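Following: one structure in C-alpha cells, then a few remarks.
The values are calculated or read from the model by the stated rules, or taken from the named source; none is laboratory data. Just so we're clear, the structure is a prediction, and the values are computed from it rather than from any experiment. Note: ideal-geometry Cβ built from the backbone for every residue, glycine included; neighbour counts use all protein chains shown.
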Amino acid sequence: MKQLIGLCGFLAFCAPVLAWDYEGHRVANELAVASLPSEFPSFIRTPATVERIAFLGGEPDRWRNTPDLPLKHLNNPDHYIDIEELGDYGMDPAKLPIFRFDFVAALALYRQANPAKFPAGDNDAGDDRTRNLVGMLPWGITENYGKLKSGFSYLKAFEEQGGTASEIANAQANIIYIMGVLGHLVADATQPLHTTVHHHGWVGPNPNGYTTNRSFHSWIDGGYFAKVGGADLAGLRTRLRPARLIEWEGRPARAQETFRVAMQFLLEQHRQLEPLYRLEQEGRLSGNGAKGLEGKAFLETQLLIAGQMLGDLVYTAWKDAPPDSFLIGQLKKRQK
C-alpha cells in the first residue's frame, strides 16, 4: 500500500489548465437555473440566489489561486481528463471504475508493472504532484452530484418533519453552494480542450496541421468572447428545454450509473475537439470580420450544453433524493 500511495503522483501527463473564464461559467450556471421547470422548489429562482449560483461558477478556479499545495493537489485534477492517455494504460474510457481511488490504484499498478513505458524522467510530478495526473473530471462531477442529492434529502426531511426555519434555510444554502461548484465542473467538461492531451495546442503527430500555439486554450476560455462582446445569454435562454431526468441506455439512470452518464457526456464533448481546431484553422475563431465571428455559435452551443446538463443533474438530484432516514428519526424524537 505504501508503494501504491507513492506511485499515485506519477500517472499520465497533463498540466493544470483553466476552462471558460468566469463570465462563461456564469452563463452556464444561469442557464441551468433557467432550465428548471416550474415544479422545482422556488427558492432557487430568487434574484439573489441566481446571482449566488452564477458567482459560484467561478469558485473551483478561485481555489487554484492559493499557494497551498494540498489544495492544489486535490482540486486541480478535477478540472480535466486526458482521454487519449487512458489507452496508454490499456483502459477503455467507457469502462472506467466508478470509484476515484480504484482508478488511481489501477493507474499506479499499471505504471509499476510497465516501467519501460514510463521513463524515470516522466515521474517529475511538480510541487503539487499533479503534473502527471490523467485527470479526475468525471469523478468530480459524480461526487458533487451525490452531495447535491444528499442536500435535497435532508432539505426534504427538514421541510416535512418540522425542521426550523433556520435549518431549512441552511439546507437550501448548501444546495445552492454545491450546485454552483458542480456547475463549474460540468462547464469544464464542455470545453473540449479539457478532455484531451491537446489542451494547449496540438501535440505529437499533426497530419492536419492544427495550431500548436499554447495560447489557444486561453483564447477559447475567454479571449474570443472578450473580443466579440461575450456570449448571448438572452439568446441562449430561448434555446433551452426544460430540465429532465438524466438517462442511461434510454431509461432514467440508476444511482450507480451516474458516473457512466458523466463519462459518456465527456466523450461526447471530446468528439468536438477536432471541429474546434478546424474552426481555428479556417479563421472562424479570430473574431475579425464576418468569418471570424462564425465560431461564436460553436462556443455558445458548448455553454448551452453545459447549462442544460447541469439543469438535468440538479433536477434529477431533487427528484431522486432518497429519504434521510437518520435525520427523519432524529426530527421525530423532537415531536415527542
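Any chance the range 170-178 includes a residue that's out of contact with any strand residue (DSSP E or B) (no Cβ under 6 Å at 6 or more places or on another chain) and farther than 24 Å from GLY311 by Cα? No - not one qualifying residue is present in the range 170-178.
When you look at ALA19, is it under 16 Å from the mean Cα position of the chain (by Cα) and either aliphatic (A, V, I, L, M) or modelled with pLDDT of 95 or more (or both), yes or no? Yes; evaluated as a whole, the condition is true for this residue.
Take the conditions (1) surrounded by fewer than 15 Cβ atoms within 10 Å (Cβ to Cβ); (2) closer than 24 Å to GLY283 by Cβ; (3) in contact (Cβ under 8 Å) with a residue 12 or more places away in the chain; (4) not aliphatic (A, V, I, L, M); GLN191 misses just one of them, which is (1). Name the residues in the range 259-305 that are at positive phi and outside any loop (DSSP other than H, G, I, E, B), would you? Across the range 259-305, the qualifying residue is only GLY289. Selection of the range 65-95 for residues being surrounded by fewer than 14 Cβ atoms within 10 Å (Cβ to Cβ) and of a type in the set (D, E, K, R) yields ASP68, ASP92, LYS95. ASP127 satisfies every condition listed in (1) part of a helix (DSSP H, G or I); (2) modelled with pLDDT under 90 except (1). Pairs linking a residue in the range 259-270 that is in contact (Cβ under 8 Å) with a residue 12 or more places away in the chain to a residue that is outside any helix (DSSP H, G or I) and of a type in the set (S, T, N, Q), with Cβ atoms under 6 Å and 6 or more positions apart or on different chains, are LEU266/THR195; GLN269/THR190; GLN269/THR195; HIS270/THR195.
Restricting attention to the range 26-82 and to residues that are of a type in the set (D, E, K, R) and in a loop (DSSP other than H, G, I, E, B), the residue that is modelled with the lowest pLDDT turns out to be ARG64. Hey, PHE13 hits all of (1) under 30 Å from LYS117 (Cα atoms); (2) among the hydrophobic types (A, V, I, L, M, F, W, C); (3) at pLDDT 50 or above but one; which does it fall short on? Only one criterion is unmet by PHE13, namely (3). Take the conditions (1) over 19 Å from the mean Cα position of the chain (by Cα); (2) closer than 29 Å to GLN172 by Cα; (3) of a type outside the set (D, E, K, R); VAL33 misses just one of them, which is (1).
To keep it simple, each residue is scored yes or no on (1) within 19 Å of ALA226 (Cβ to Cβ); (2) surrounded by fewer than 22 Cβ atoms within 10 Å (Cβ to Cβ).
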residue: ARG254; (1), (2): no, yes
residue: GLU257; (1), (2): no, yes
residue: ARG260; (1), (2): no, yes
residue: GLY292; (1), (2): yes, yes
residue: LEU303; (1), (2): yes, no
residue: ALA306; (1), (2): yes, no
residue: MET309; (1), (2): no, no
residue: PRO322; (1), (2): no, yes
residue: GLN330; (1), (2): no, yes
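Output yes when any residue across the range 145-157 is within 29 Å of PRO67 (Cβ to Cβ) and either among the hydrophobic types (A, V, I, L, M, F, W, C) or not in a helix (DSSP H, G or I) (or both), and no when none is. Within the range 145-157, not a single residue is within 29 Å of PRO67 (Cβ to Cβ) and either among the hydrophobic types (A, V, I, L, M, F, W, C) or not in a helix (DSSP H, G or I) (or both). One residue stands out among those in the range 282-301 that are closer than 20 Å to TRP20 by Cβ and aliphatic (A, V, I, L, M): the one that is farthest from the chain's Cα centre (by Cα), which is LEU293. Listed by first and then second residue, the pairs with beta-carbon distance under 7 Å, at least 6 apart or on different chains, first residue in the range 160-177 and farther than 24 Å from ALA54 by Cα, second assigned to a helix (DSSP H, G or I) and among the aromatic types (Phe, Trp, Tyr), form an empty list.
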